[in-house]
Amino acid sequence: LREATMFDSEIEVYDIFQAIRNVWIMNSIQILLNQEVRLTPSVFSYSMLYPYSDNYLDDVNITIEEKIDFNSKFRKCLEGKETEASNLNEKHIFELVRKIENEFPRERFPQVFDSLLSIHSAQEKSLIQQKGMSIPHENDILGISFEKGGTSVLADGFLVKGELSSDEANFMFGYGVFLQLIDDLQDVKVDLVNKHMTIFSQIATKWPLDSLVNKLFRFIELVLEASNIFTTKDSIKLKKVIHDSCIIMILEAISKNKKMFTRKYIKEIENNSMFRFAYYRKLKRKFEKDYSSRDIQSICNILKQKKTFSVDKNLNKI
């Protein structure tokens, strides 16, 4: 929070929260790779690229042509070519890339910038998802989602360590894929409204999502089971945390979109859930009631100012 507001005094709190989500992923990778958990210049910079670049590309008020022009400039910057910013958003992005260059010089860490170009290429392809409704197999929607999610966390890994083994890189890619798919499931209603195509929104109004979500459950298991390279005590604990957190996110997404599943499936899933689906909705309503936007802003302002803070056992006072 402090670093973000020092970098950009006008940034919105919820944009910082978006960046923090990626910081958490990179922190988890630091644990898996047996490194100190800390906010490095590259962890900060890559995480901040999300609110600046992703939100621009997701903005329905910006034309595809404008987004293509932006992506062209962004690519030149990632390639190390001189690029002049035409607005404040681009200025911030180019400055963040320079911060990464300072920590990982291009000539010594070429894989870092190869990975950044890979996620950039995936983002360019993902614009296809915004071109309106399409039928299955008309476009490679699943392939685009795999590439976007996988290369995103692959870049996380390189920006944590600088270099990765092939086994480490394979895990990072799979980790990113299932996080992207969970995100797509959570956003299925919004994507339908905006006519953005994902593997879920593409069929949600035509067929139940039961079998697709079952495949997602199994895919997460396979990725985490295959990661036998991370065998330290902390890594094993963390993989359990990743697994359980992902399951909770999927269950919460199902609870929000019950009409997109068969009644039988909802009943079976709810019987195997830690909570009834009504409880997820109750928690959401309680959080929205107890923590208004103003409350969250106030908490963030405190955290930005304090170098250390403590939370009491009842989470009532910071």
- Message: Looking only at residues that are in contact (Cβ under 8 Å) with a residue 24 or more places away in the chain and over 18 Å from the mean Cα position of the chain (by Cα) in the stretch 33-47, which one is most open to solvent (accessible area, probe 1.4 Å)?
- Response: Asn34
- Query: Mind checking which pairs have a first residue in the stretch 1-25 that is more than 30 Å from Phe171 (Cα to Cα) and a second that is part of a loop (DSSP other than H, G, I, E, B) and hydrophobic (A, V, I, L, M, F, W, C), Cβ under 7 Å, 6 or more apart or different chains?
  - Reply: Thr5/Ile11
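Would you check which residues across the stretch 59-93 are touching a residue at least 60 places away in the same chain (Cβ under 8 Å) and under 17 Å from His120 (Cβ atoms) and list them?
The initial filter retains those residues of the stretch 59-93 that are touching a residue at least 60 places away in the same chain (Cβ under 8 Å), namely 60, 64, 67, 92.
Selection gives Ile64, Lys67, His92.
Per-residue answers, yes or no, for (1) closer than 30 Å to Met6 by Cα; (2) open to solvent by 50 Å² or more (accessible area, probe 1.4 Å); (3) in a helix (DSSP H, G or I):
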position	(1), (2), (3)
Ile247	no, no, yes
Ile250	no, no, yes
Ile254	no, no, yes
Ile269	no, no, yes
Met274	no, yes, no
Arg285	no, yes, yes
Arg294	yes, yes, yes
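Please count how many residues of the stretch 41-78 are of a type in the set (Ser, Thr, Tyr) and farther than 15 Å from Glu95 by Cα.
Here is the first cut: in the stretch 41-78, the ones of a type in the set (Ser, Thr, Tyr) are 42, 45-47, 50, 52-53, 56, 63, 72.
Cutting the leftovers down to farther than 15 Å from Glu95 by Cα gives us 56, 63, 72.
Within the stretch 41-78, residues that are of a type in the set (Ser, Thr, Tyr) and farther than 15 Å from Glu95 by Cα number 3.
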- Identity of the residue in the stretch 169-188, touching a Gly at 6+ places or on another chain (Cβ under 6 Å) and of a type outside the set (A, V, I, L, M, F, W, C), that ends up farthest from Val153 (Cα to Cα): Gln180
- Query: What are the residues in the stretch 1-45 that are aromatic (Phe, Trp, Tyr) and modelled with pLDDT under 95, if any?
  - Reply: Phe7, Tyr14, Phe17, Trp24
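Yes or no, residue by residue, for (1) modelled with pLDDT of 90 or more; (2) of a type in the set (S, T, N, Q); (3) not in a helix (DSSP H, G or I):
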residue	(1), (2), (3)
Ser115	yes, yes, no
Ile128	no, no, no
Ser134	no, yes, yes
Gly143	no, no, no
Lys148	yes, no, no
Ala169	yes, no, no
Leu179	yes, no, no
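Look through the stretch 184-196, keep the residues that are part of a helix (DSSP H, G or I) and more than 25 Å from Ala226 (Cα to Cα), and return whichever of them is least open to solvent (accessible area, probe 1.4 Å). Give the steps one after another, and end with the answer.
At the first step, the residues of the stretch 184-196 found to be part of a helix (DSSP H, G or I) are 184-186, 188-194.
From what's left, more than 25 Å from Ala226 (Cα to Cα): 186, 188-194.
Values: Gln186: 43, Val188: 0, Lys189: 108, Val190: 84, Asp191: 20, Leu192: 39, Val193: 116, Asn194: 64 Å².
The residue in question is Val188.
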- Of the residues in the stretch 78-93, those that are of a type outside the set (Asp, Glu) and open to solvent by less than 100 Å² (accessible area, probe 1.4 Å) come to Leu78, Gly80, Thr83, Ala85, Ser86, Asn87, Asn89, His92, Ile93
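Residue by residue, here is whether (1) open to solvent by less than 60 Å² (accessible area, probe 1.4 Å); (2) closer than 25 Å to Asn61 by Cβ holds:
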{"residue": "Phe158", "(1), (2)": "yes, no"}
{"residue": "Asn170", "(1), (2)": "no, no"}
{"residue": "Ile182", "(1), (2)": "yes, no"}
{"residue": "Thr198", "(1), (2)": "yes, yes"}
- Tell me, which residue of the stretch 50-94 that is among the acidic types (Asp, Glu) and under 21 Å from Gln111 (Cα atoms) is modelled with the lowest pLDDT? Glu82
- Item | Tally of residues being part of a helix (DSSP H, G or I) and in contact (Cβ under 8 Å) with a residue 12 or more places away in the chain across the stretch 256-267 | 5
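Give me a count of the residues in the stretch 96-113 that are acidic (Asp, Glu) and in contact (Cβ under 8 Å) with a residue 40 or more places away in the chain. Explain how you work it out, then say what you get.
Taking the stretch 96-113 first, the residues acidic (Asp, Glu) are 101, 103, 107.
Going one step further and asking which of them are in contact (Cβ under 8 Å) with a residue 40 or more places away in the chain, we end up with 103.
Qualifying residue count, the stretch 96-113: 1.
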- Considering residues of the stretch 208-227 that are part of a loop (DSSP other than H, G, I, E, B) and over 17 Å from Ile269 (Cβ atoms) only, the residue modelled with the lowest pLDDT: Ser227
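The values are calculated or read from the model by the stated rules, or taken from the named source; none is laboratory data. All figures in this text were calculated on a predicted structure; none of them were measured in a lab. Cβ: placed from backbone, ideal geometry, glycine included. Neighbour counts: every protein chain shown. Surface areas here come from the heavy atoms of the whole protein model, side chains and all, with no ligands, DNA or RNA. Shrake-Rupley method; radii C 1.70, N 1.55, O 1.52, S 1.80 Å.
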